[in-house]
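Student: Following this message is one structure expressed as structure tokens.
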Amino acid sequence: MADENRRAGDWQRKDLRQNANDLVEDPNPKKWHQQTFWIVFFLLVFWPVGIVLAWRSGWHLVAKVLASVYVVVAVYFSYNMFLTVQAMQAAGMA
């Protein structure tokens, strides 16, 4: 009753069989530091790393410049706000 061409546990239809390496596919073949999500995340959370990742990525030059200008403007306004709060605390207004 057993067919000599089949092993125990073999499928009936060998044409439907998949390679085990084909079953698990990486949906995003880029490394984590080349993915846009992580670059934008670090631009917002920890900007020095975000700037480096943006400039090392495959982004277009205009996008890299815009990201850098955004970070420079955000740091400038953050520093000026810090100085304003310090001046108000020294004057006893806050």
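Student: What distance in nm lies between label points placed 7 Å from Cα along the C-beta direction at Y76 and M93?
Tutor: Going by the 7 Å Cα→Cβ label model, 2.2 nm.
Student: Counting alpha carbon pairs within less than 8 Å and at least 6 residues apart, what relative contact order, in whole percent, applies to segment 30-91?
Tutor: Once normalised by length, the contact order is 21 percent.
Student: What is the distance in Å between the Cα centres of segment 29-53 and segment 75-94?
Tutor: Taking the Cα centre of segment 75-94 as reference, the centre of segment 29-53 is 30 Å away.
Student: What does the convex hull of the Cα atoms come to per residue for segment 25-73, in Å³?
Tutor: 66 Å³
Since every read-out is calculated from the coordinates, none of them should be taken as a lab result. Just so you know, these numbers come straight off a predicted model, no measurement behind them. Methodologically, a virtual Cβ is constructed for each residue, glycine included, from the backbone with ideal geometry; neighbour enumeration extends over all protein chains shown.
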